Each structure stands twice: as structure tokens, then as C-alpha cells.
1. Determine which residues of segment 449-483 fall in the zone a paramagnetic label at SER96 would reach in this model, i.e. backbone nitrogen under 16 Å from the point 7 Å along Cα→Cβ.
2. Along the charge dipole of segment 162-206, pointing to its positive end and built from +1/-1 on Cβ of Lys, Arg, Asp and Glu, which listed residue (LEU193, SER163, PRO182) has its Cα farthest out?
3. For a quick check of your reading of the filter: which GluC sites (Glu not before Pro) in segment 80-138 sit in a DSSP loop and have no more than 13 other Cβ atoms within 10 Å?
4. Would you compute the Debye intensity of the chain from its alpha-carbon atoms alone, equal scatterers and no solvent, and pass along log10 I(q)/I(0) at q = 0.08, 0.09, 0.13 Å⁻¹ to two decimals?
5. Between segment 174-205 and segment 96-113, what is the separation of their alpha carbon centroids in Å?
6. What dipole magnitude, in Debye to the nearest 20, does the chain give about its Cα centre under +1 on Lys/Arg Cβ and -1 on Asp/Glu Cβ?
7. Pull out a ≥ b ≥ c, the square roots of the eigenvalues of the alpha-carbon gyration tensor of segment 289-336, then state rounded if a/c is under 1.5, prolate if not and a/b is larger than b/c, and oblate in the remaining case.
8. Multiplying the sequence separation of ALA273 and ARG86 by 0.36 nm and subtracting their Cα-Cα distance, what value in nm do you get?
Amino acid sequence: MTVHSPRLRNSSGAELNLRSQILFQEPTRTHTKDLVTAVASWHKTYVHESSHWARYHGSTVGILLSLLRRSRDQLAAYAISHMSQRQTVDLHEHRSSGVPFLSFKRYPQHAGGELKYNELDWLNLYYTYYVLLDPEGLTEFDATTWDTRAAFENSLEDTWRQSAGVEMAERSEDARVSVTGPLKLVHTSEGPLTTRTLFECAAVIDELFQFEGAFLRTADPTLRELLVEEMSGEYGLPWRLACALAGRDLGGSVVLTLIDFALNPVVPGLTSADPSVDWRELYPPYRFAAAAKAMAGWESDLEFQPLSHEMAVHFQHVLAKRSGLRTGRVVSRPSSLSTLRQAATTPMHLVERTPAVSLMCASRLLDLREEDVCALSHYGANFLEDRAVRFVNPDRGMWWLFPVFQASRGEYRWPAEHVNLNEATDLLLSAAVASAYDDILHGTGPLASDHLPRALIEDRGEAEALNQVLKGSTGLDMGWGRI
């Protein structure tokens, strides 16, 4: 069993893989001799995936997901390092026989010692992460009967405890997180509405925005037609739902603002020190549906006037009052790091380096949100007219607005002006090791590698060096490319 790899992807095959935080983008697949159309195809795809990066790391739900993932990996590292010899033997035997070491279906599997508690905590963190992002990641049938309220309350509390006074607010010892109200997912006649589909819908709208610029208007109109067709499928579900709930057609700009409202929920410890939160204020799909309903009988200025920071802020303020839901605003700075080199060289456990990069970028993106919320809520507008001029000025240094690491033609790429080869390699090794913990505890068979640059795994020497790093971190004789 291969562990689900969370990803935000484009119909062309490009994707931001959330296990490794690497953007996979191949050269354009557009078969044309028209250079403008070829470049336009690459550009809109890059905007799509880059918008995922900016929205994910510049929203409270994205920061929460990063912290939940880090807590899960830290717990996995601790649990593996404290396993007895007998438990280590069991782990290898279970994997070879196709049985995950930790499993919803087989819980409780470990009834003795500290592993008994680590097992439940790890499964809760895993479950909470995927319900929040995309329940499709819970591939085991029995996971649907898991106690959602207990999982969220315990996971939010554990993550707050791990991050208190640093990425999150101070936490009193007697603070106990509670999630109130019915914990229901959002189902529609077309299927479930998930946080992932909200990200994807926003990214396609960002692509469509590019055709308002002079450059893409000169490209083959088929490119835009393909996007309109894509909107008729899963990625357009949020837009269609919003129009149905509002009782009228809503423009793309309005839908983007509704999505931004949904992706910034109230989170205990992250947006306030209040340990209690209602599910309606926490779960992005519910927030989106409630915001869309609030549009019924109300026509905002955002629907008729040019976009601006002030107008978007006012719109969300009125939206909060009409829906009865607050917008989450991070109360502490997620990272004290200021450069990518610091994230690569500051002493820390391997499982912490990838989230360190994410949280450092999140700090910059949150600053931008306060200055110009539209740069995140309407990411595609960054590349139109006067806004695009900002990227011409090298002193602006807005590298954190785009995916930091990429893979093209299977090769790993990094920003050479910010980290050297050794530092970039260390960051890649950290991403690989951290992502392996899910496979070790919850998967079977060979370790997954689709979230890593292909060349790293195909080169026998590099793969074996990577395996040695993994063995040094876990103490387990496991690796990529091995049965």
C-alpha cells in the first residue's frame, strides 16, 4: 500500500507536491510552432501552480496543515527512535507481509508501552490532516468510522503544545482544545467539496485572469477554451456551488474572495489563545458554503468596481458579519528565519527543515497579506498591468511568492542566488527523509518516490547515499529502490 501523496495539480500534469513542497513542471506540452502560444501555455500553468504555493503558505489553513504535518513527523521520528528491538523486527515483518505498522483498520495494534499512545496520536494527526485538506487521502475503509471530534481536538492541542510561544500563541497548561457543533463534511450533488478543490478552483480562475492581459490575448484562443472546459469539471464545482447558493451568477473575482475567506479559518493557538472553536469556523468547505449563502440578496461593490486591497478587506468584513463567521488572522510570526540559507544551515532535526522553509515563506506572505491582500486572494492579478512591474525590480526580492524548489525533466532545481549546491542538497535530503516517515509507519512495499525528483532515485549512487541518510535518521535498514 502506497501512502497517499497530497498534491495540488494542473490538468497539464504540473503539480505542487505537498509531501516534499517541490513544484513538478515539465516543458509545455502544447504542440504548436507558435512561440507566443507555447510561452503562454507555460506561463498560465506556472501561475496555476505558483498560486497554490502562495495561497497555501499565506493562509491560516495552509499554516495549520504545515504544523500538523510537522507534529506528525516529529512524533514519528520519536516513536521510531524509541522502538524496542522486537518492535523494529515487527515493523519489517509487517511491511514485508503487506500489513501497515500503524493502521486505522487494525487499531489498536500496539497495546503495550509508550507506542500504545504514540500510535493513537499519530493516527489522529494523519486523519486530521487529510480531513482538513482532502479526505481522499484516507484510503482505508475503516477510517470513515474514526472519531473526528477526538482526532481534531487532540491533534490541534498536540500541535499547539509543540508550537506554543514560537509559531503559535502561548498556551496555558490547563488549556484543552474543543471543537463544537456538528462535524459534518460538505456534500453536493456533484460530490464532496474539499479544501483541495477550493485551491484548485482558485488556481484555474487565476489562469483565466491571464487572458485579460495583452500577451495571452495574442495566443491561440484554444488555451482559454480548454480552461473553460476544465471549469465544467471538478475544479469548477466551488464556482457552480457558490452561484447556486447565492441565487445568481457570481464573477470570478467574487469567487476568489469567497475562497480566500474560506481558506483563513479560526484556529485555536494560531489565530487566538481561545481553545474553543466551532466546526463552522474551522472547516474551509463549510466556510465557503456559508459565505456563498451570505451573497444571496446582497450585491457588493466588489462585483462592479476595480479590485483593490481596501475593497477586498471591506468585502470580507461585511461577509464575516453576514455569515456569522470570523476570519482567522495569525497572531504570532510563524518563523524567526529570514533567509533560505538560514533554513538550510540552522541546526535542527531533518523533519523540521521543510516546514522551516514553509513557515519562513509564510511569514513573508502574511506581511504581504496585510499590505495587499489581493496579491494572495487574486494571485493571477499579480501578472497583469502595473502589478507585474513589481517583479522587474530585483530589490523587491519576492522569491518567496513562488515555489522555492522545482523539478523539471526529473532534475532538481533551486534558487542558486539564495543557497549553494550543498545547502540545496541538504534541504532535498530533509524533504525526502521527512516524507518517508509516513511510508515507514503507514505504508507497505517499497518507499514511494513520486514526490521526489526522478533523477535522484534513478541514479544508483545518489539513491544509496539517500538511503544511508534515511538509515542514519531512523536506524532502520530501509530505502528507496529496495523491495
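1. 476-479, 482-483
2. Checking the options against the dipole of segment 162-206, the answer is PRO182.
3. On the way: sites: GLU93, GLU114, GLU119, GLU136; in loops: GLU114.
Passing both the DSSP loop test and the Cβ count: GLU114.
4. -0.47, -0.61, -1.31
5. The distance from the Cα centre of segment 174-205 to that of segment 96-113 comes to 29 Å.
6. Details: 46 positive and 61 negative charges, 57 e Å.
Its charge dipole is roughly 280 debye.
7. On the way: a/c = 3.38, a/b = 1.53, b/c = 2.22.
Cα axes put segment 289-336 in the oblate bin.
8. Details: separation 187, 0.36 × 187 = 67.32 nm, distance 4.20 nm.
Full-extension gain reported as 63.1 nm.
None of the figures in this text is laboratory data; all of them are computed from the coordinates on show. From a predicted model like this one, the values you see are computed outputs, not experimental measurements. Using ideal geometry, Cβ is built from the backbone for each residue, glycine included, and neighbour counts are taken over all protein chains shown.
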